[in-house]
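Asker: Okay, handing you the structure first.
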Amino acid sequence: MKGMYLVKPGVIVSKDVPLPSLTPNEVLIKVKAVGICGSDIEYFKSGRIGNFVVESPLILGHEVSGEVVDIGRDVTSLRIGDRVALEPGIPCGKCVFCRSGRYNLCPDIRFMGTPPIDGAFREYIAYPETFTYKIPDDLSFEEAALLEPVSVGIHATRRADIQPGDVVAILGAGPIGLVTLQAARIKGAADILVTDLADYRLEIAKALGATNVVNVGKKNPSCLTDYLKACDVVIQTATGLEALAQSFQFVKRGGRIVLVGHLPSSQVPIDPNLLIVEELNLFGSFRYVNTFPIAIKLVSAKLINTKILISKTFSLADLQMAFKYALENSHNYIKI
Ligand SMILES: [Zn+2]
Ligand SMILES: [Zn+2]
């Protein structure tokens, strides 16, 4: 079978590799659709994200759906022919975090497409039954691949503890911002501001139910002032330090800021006294926990739209081209 390996920054080559063999609890999946994530693009561009460095050829991709073509001896919940989505992280199941239900914090989690674990840009994957979810027939493989970013959005709104009627600002209208917007609406947010630097993305945010959208790269319209120090919740999905500074401008006293998008530096200017005197709550949100079954229900029930996020598709053989397109057109697409 073919696997697409990142061999050095900017270069992906196709290699013939043997079909993976199955352990008793695994299923063999023929990959049907894989989304390109911002983290994949960062690895493609620079070969690293923080302390994660691509040191040997690596298959990227962790937003994946496919079809079961073989099952291990002990598999009971899946059958050949099932259409499935994969949760891309396999936690150890033993540590204190796994045992307390916060397996996204497992230090030994094996996460697809993160060095040194190979990801999904290949023809077949052997995967544990436990993290393989059957999807209904009304979900396309492309929509199902995006259950992964939907999961990130669901988890972020859980961390934000959004309450009915909340005023919410979502900074960044990329794929994560747009699914977080939809998850926030489901949670009952009454007024949602979405900011970004690209009008194309903001138009989609508007179509998905944002109350107001603002291009923060342009002269700010007056509606922005309505949100200053007025938001119960600010969810930062953009990756610039400006967005972090804006989080503190939007959040109201006693409010909650949730950081989802990775920031360029761990040394960010936060005024600790503001946290004290305004009793601000600052949370991180990392990947997700127990979200896939819910994500499947919400997308299937048309409460979350992932189809609208898909801007362009490429064949596996054209993966190099897809990454180049993603790099060169960052303001003109949502998801490839
Ligand atoms: Zn991702
Ligand atoms: Zn663990």
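Asker: Just checking, which of Pro88, Pro107 is within 16 Å of ligand 2 (Cβ to nearest atom) and under 17 Å from Thr291 (Cα atoms)? Spell out how you get there, then give the answer.
Answerer: On the way: Pro107 fails: under 17 Å from Thr291 (Cα atoms).
Criteria check complete, one pass: Pro88.
Asker: Have a look at Leu6, Leu78, Leu86, Leu58 and point out the one that is more than 30 Å from Leu327 (Cβ to Cβ) and among the aliphatic types (A, V, I, L, M). It would help to see each step written out before you state the result.
Answerer: Numbers: Leu6 fails: more than 30 Å from Leu327 (Cβ to Cβ); Leu86 fails: more than 30 Å from Leu327 (Cβ to Cβ); Leu58 fails: more than 30 Å from Leu327 (Cβ to Cβ).
From the options Leu6, Leu78, Leu86, Leu58, the qualifying one is Leu78.
Asker: Right, here's the next one. Working carefully through the options Lys45, Lys8, Lys2, Lys32, find the one that is in contact with a Lys or Arg (Cβ under 7 Å, 6 or more places away or on another chain) and basic (Lys, Arg). Even if it seems obvious, please write down each step before you answer.
Answerer: Working: Lys45 fails: in contact with a Lys or Arg (Cβ under 7 Å, 6 or more places away or on another chain); Lys8 fails: in contact with a Lys or Arg (Cβ under 7 Å, 6 or more places away or on another chain); Lys32 fails: in contact with a Lys or Arg (Cβ under 7 Å, 6 or more places away or on another chain).
None of the others qualify; the one that does is Lys2.
Asker: Looking at the stretch 121-150, which of its residues are within 14 Å of the chain's Cα centre (by Cα), farther than 24 Å from Asn25 by Cα and not hydrophobic (A, V, I, L, M, F, W, C)? If you could, list the steps in order and put the result at the bottom.
Answerer: Keep residues of the stretch 121-150 that are within 14 Å of the chain's Cα centre (by Cα), which gives 143-150.
Still in the running and farther than 24 Å from Asn25 by Cα: 143, 146, 149-150.
Of everything in the stretch 121-150, those that are within 14 Å of the chain's Cα centre (by Cα), farther than 24 Å from Asn25 by Cα and not hydrophobic (A, V, I, L, M, F, W, C) turn out to be Glu143, Pro149.
Asker: Could you say which residue among Val96, Val34, Val64, Val53 is in contact (Cβ under 8 Å) with a residue 12 or more places away in the chain, away from ligand 1 (no atom under 16 Å from the Cβ) and assigned by TED's automatic domain parsing to the domain that holds Ala317? Give the steps one after another, and end with the answer.
Answerer: On the way: Val96 fails: in contact (Cβ under 8 Å) with a residue 12 or more places away in the chain; Val34 fails: away from ligand 1 (no atom under 16 Å from the Cβ); Val64 fails: away from ligand 1 (no atom under 16 Å from the Cβ).
Going through Val96, Val34, Val64, Val53 in turn, the sole match is Val53.
Asker: For a quick check of your reading of the model, give me the residue pairs whose first member lies in the stretch 146-169 and is at positive phi and among the small types (Gly, Ala, Ser), whose second is open to solvent by 10 Å² or more (accessible area, probe 1.4 Å) and away from ligand 1 (no atom under 16 Å from the Cβ), with beta-carbon atoms closer than 9 Å and at least 6 apart or on different chains.
Answerer: Hits for this filter: Gly165/Gly188; Gly165/Ala189; Gly165/Ala190; Gly165/Asp191; Gly165/Asp232.
Asker: When Gly61 is evaluated against the numbered criteria (1) open to solvent by 30 Å² or more (accessible area, probe 1.4 Å); (2) in contact with a Cys (Cβ under 9 Å, 6 or more places away or on another chain); (3) part of a loop (DSSP other than H, G, I, E, B); (4) more than 17 Å from Glu26 (Cβ to Cβ), which criterion, by number, is the only one it fails?
Answerer: Among (1) open to solvent by 30 Å² or more (accessible area, probe 1.4 Å); (2) in contact with a Cys (Cβ under 9 Å, 6 or more places away or on another chain); (3) part of a loop (DSSP other than H, G, I, E, B); (4) more than 17 Å from Glu26 (Cβ to Cβ), the lone unmet condition for Gly61 is (1).
Asker: Moving to a separate point now. For the stretch 74-93, give me each residue that is more than 16 Å from ligand 1 (Cβ to nearest atom) and among the small types (Gly, Ala, Ser).
Answerer: Within the stretch 74-93, Ser77, Gly81, Gly93 qualify.
Asker: Hey, Lys94 hits all of (1) under 23 Å from Ala156 (Cα atoms); (2) of a type outside the set (Val, Ile, Thr); (3) within 16 Å of ligand 2 (Cβ to nearest atom) but one; which does it fall short on?
Answerer: (1)
Asker: For the condition part of a strand (DSSP E or B) and of a type in the set (Lys, Arg), what is the one hit in Lys30, Lys45, Lys94? Spell out the reasoning first.
Answerer: Numbers: Lys45 fails: part of a strand (DSSP E or B); Lys94 fails: part of a strand (DSSP E or B).
Answer to the selection: Lys30.
Asker: Among the helices (runs of 4 or more DSSP H) confined wholly to the stretch 98-198, which include 2 or more residues that are open to solvent by 10 Å² or more (accessible area, probe 1.4 Å) and of a type in the set (S, T, N, Q)?
Answerer: Details: elements: 141-145, 147-160, 175-186.
Once the helices (runs of 4 or more DSSP H) in the stretch 98-198 are filtered for at least 2 residues that are open to solvent by 10 Å² or more (accessible area, probe 1.4 Å) and of a type in the set (S, T, N, Q), nothing remains.
Asker: Which one of these is over 21 Å from Val152 (Cα atoms) and modelled with pLDDT of 90 or more: Asp226, Asp232, Asp196?
Answerer: Numbers: Asp232 fails: over 21 Å from Val152 (Cα atoms); Asp196 fails: over 21 Å from Val152 (Cα atoms).
The conditions single out Asp226.
Asker: In addition: Answer yes or no: is there a residue in the stretch 68-88 that is within 22 Å of the chain's Cα centre (by Cα) and in a loop (DSSP other than H, G, I, E, B). Explain how you work it out, then say what you get.
Answerer: Kept after step one, since they are within 22 Å of the chain's Cα centre (by Cα), are these residues of the stretch 68-88: 83-88.
Filter once more, so that each one left must be in a loop (DSSP other than H, G, I, E, B): 87-88.
For the stretch 68-88, residues within 22 Å of the chain's Cα centre (by Cα) and in a loop (DSSP other than H, G, I, E, B): present.
The values are calculated or read from the model by the stated rules, or taken from the named source; none is laboratory data. Note that the structure is a prediction, hence the values are computed from the model and not measured. So basically every Cβ, Gly included, is an ideal-geometry build from the backbone, and we count neighbours across all protein chains shown. For accessibility, only protein heavy atoms count, side chains too; no ligands or nucleic acids. Shrake-Rupley method; radii C 1.70, N 1.55, O 1.52, S 1.80 Å.
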